[in-house]
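Only one structure is covered here, and it is reproduced in the block below.
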Amino acid sequence: MTESSPRIVKASVYEVAMPLLKTFVTGFGDTSSRHTVLIHIVDDEGYEGWGEAPALDHPFYLPETTSTTFSIVIEYALALSLQAVSNDPRDVARAMSPIRGNTFARAGVEAAYWALVSARSGRPISVLLGGTANRVAVGESLSIADTLEETLEEVALRLAEGYQRIKLKIRPGWDLNVVRAVRERFGDEILLQVDANAAYTLDDADVFRAMDEFGLLCIEQPLGYDDLEGSQALQRQLRTPICLDEAIRSPRDAQRALDMDACRNINVKPARVGGLVASLDIHRLCVERGVPMWCGGMLESGIGRSTNLALCSLPGFTQPADMSPAAVLYEEDLVDPTYFVDDEGYIEVPRASGLGFNVVASRVKDRTVRFATLDSRTQTIREESLDHLSI
Ligand code: OSB
Ligand code: MG
């Protein structure tokens, strides 16, 4: 560590229960239990940074889970970050680069350093990233419902609230019918897209060819979570851009997918691609090639949403971000005030330095089910009994 980079004197990781108000139903199954992982670091001058590693509890979206993320953060990611040549997030990302995969763990640790350097420099994360927008257009991602009527009601509500775009989760049996029903009720003007979460195979190509008639912004991750070849074969048959989510877990994946024409649109989730540094690389690539992109979500708390919003302020993010409001997801957010969608469907990019939102430590504490912290003597991160929890 250089002299200009103060020492990290506190480094902790928390597994936090964030029960969803409603089960989130998608092409990969049901998500009812939701635990997220938070990283908190403090330097020797008292500046702090929070980051979120929002893997899901189960391995049905991607291989990583809350538990694997928690373990990798303790055993490797946070430990390696402490060896970085400085606290600059690019150096931290480099220090963690020996870790294969485990993008959520690396992204969560890196995010905490972005918040820390932002707090120290007095410049908001969006500015550090090179962002220019003051507000970000958002859309909701709608869970698969029991009836079409339920979905139509929810779409009506969101459009009335100002949401700029509707994303329908689809799976076999809930696809053309729901798209047709939404188009019939709300017309061709609304921005509409679908997300299959890898629930189909190339044998279902006719479903997607039929979708071509509905003027969708994109068809997100129709085929297997790592199936670039299948996606390439399907994209050849479609006018609607395929958007990849699960299949892009690094800048290299993004380059390969675009070179192959396996997609013509990209969902960037910092947590899925390994952090904001990797997201900036994908942003540069997409801008160079004129590929539209947008920021996805992982049902994060306001802690993760804050860094997503900062990223969306970059000029290449031309389509509305997935940002279902906290009030729809959870009883209460971990930040207060939480982000707010105005009646034109925009969320303000956090302007404050540091995380940009105030973390309510007591809420984090009340919801923590596991935690680990830095043993300053051995410089290792160790799991601790909840009796020792102090934030
Ligand atoms: O596929 O985009 C997805 C949430 C969890 C896992 C995968 C996905 C999603 C969403 C949620 O669609 C969007 C949001 O966070 O508002
Ligand atoms: Mg998706």
- Looking at the stretch 99-195, what helices (runs of 4 or more DSSP H) fall wholly within it and have at least 1 residues that are crowded, with 16+ Cβ neighbours inside 10 Å and of a type in the set (Gly, Ala, Ser)? 103-121, 125-129, 176-186
- Query: Among the residues of the stretch 223-246, which ones are touching a helix residue (DSSP H, G or I) at 6+ places or on another chain (Cβ under 6 Å) and within 13 Å of ligand 2 (Cβ to nearest atom)?
  - Reply: Leu223, Ile242, Leu244
- Quickly run through the stretch 36-65 and pick out the residues that are buried (at least 18 other Cβ atoms within 10 Å of the Cβ) and within 13 Å of ligand 1 (Cβ to nearest atom). Thr36, Glu52, Pro54, Ala55, Leu56, Tyr61, Leu62, Glu64, Thr65
- Selection from the stretch 213-238 of residues that are among the charged types (D, E, K, R) and closer than 15 Å to Tyr200 by Cβ: Glu220, Asp226, Asp227, Glu229
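Would you mind stating whether Ala111 is closer than 29 Å to Lys169 by Cβ and assigned by TED's automatic domain parsing to the domain that holds Val73? Working first, answer last.
Numbers: closer than 29 Å to Lys169 by Cβ: yes; assigned by TED's automatic domain parsing to the domain that holds Val73: yes.
Criteria met by Ala111.
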- Message: So the check is Cβ under 8 Å with 6+ separation or different chains; which pairs have a first residue in the stretch 160-186 that's in the same structural domain as Gly297 (by TED's automatic domain parsing) and a second one that's basic (Lys, Arg)?
- Response: Ile166/Arg158
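Could you please give the count of residues in the stretch 262-276 that are outside any strand (DSSP E or B) and either assigned by TED's automatic domain parsing to the domain that holds Tyr113 or over 13 Å from the mean Cα position of the chain (by Cα) (or both)? Let's see the steps before the verdict.
Quick first cut of the stretch 262-276, residues outside any strand (DSSP E or B) only: 262-264, 269-276.
Adding the requirement that they be either assigned by TED's automatic domain parsing to the domain that holds Tyr113 or over 13 Å from the mean Cα position of the chain (by Cα) (or both) leaves 262-264.
So the answer is 3.
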- Scanning the stretch 273-293 residue by residue, the ones that are touching a residue at least 40 places away in the same chain (Cβ under 8 Å) and among the hydrophobic types (A, V, I, L, M, F, W, C) total 5
- Is the stretch 370-384 home to any residue that is in contact with a Ser or Thr (Cβ under 7 Å, 6 or more places away or on another chain) and in the same structural domain as Ile166 (by TED's automatic domain parsing)? no
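Go through the stretch 141-155 and give me each residue that's free of Cβ contacts under 8 Å to residues at least 40 places away in the same chain and of a type outside the set (D, E, K, R). Give the steps one after another, and end with the answer.
Restricting attention to the stretch 141-155, the residues satisfying the condition of being free of Cβ contacts under 8 Å to residues at least 40 places away in the same chain are 142, 146-155.
The answer is Leu142, Thr147, Leu148, Thr151, Leu152, Val155.
The values are calculated or read from the model by the stated rules, or taken from the named source; none is laboratory data. Quick caveat, the model's predicted, so the values are computed rather than measured. Neighbour counts run over all protein chains shown; Cβ positions are idealised from the backbone, glycine included.
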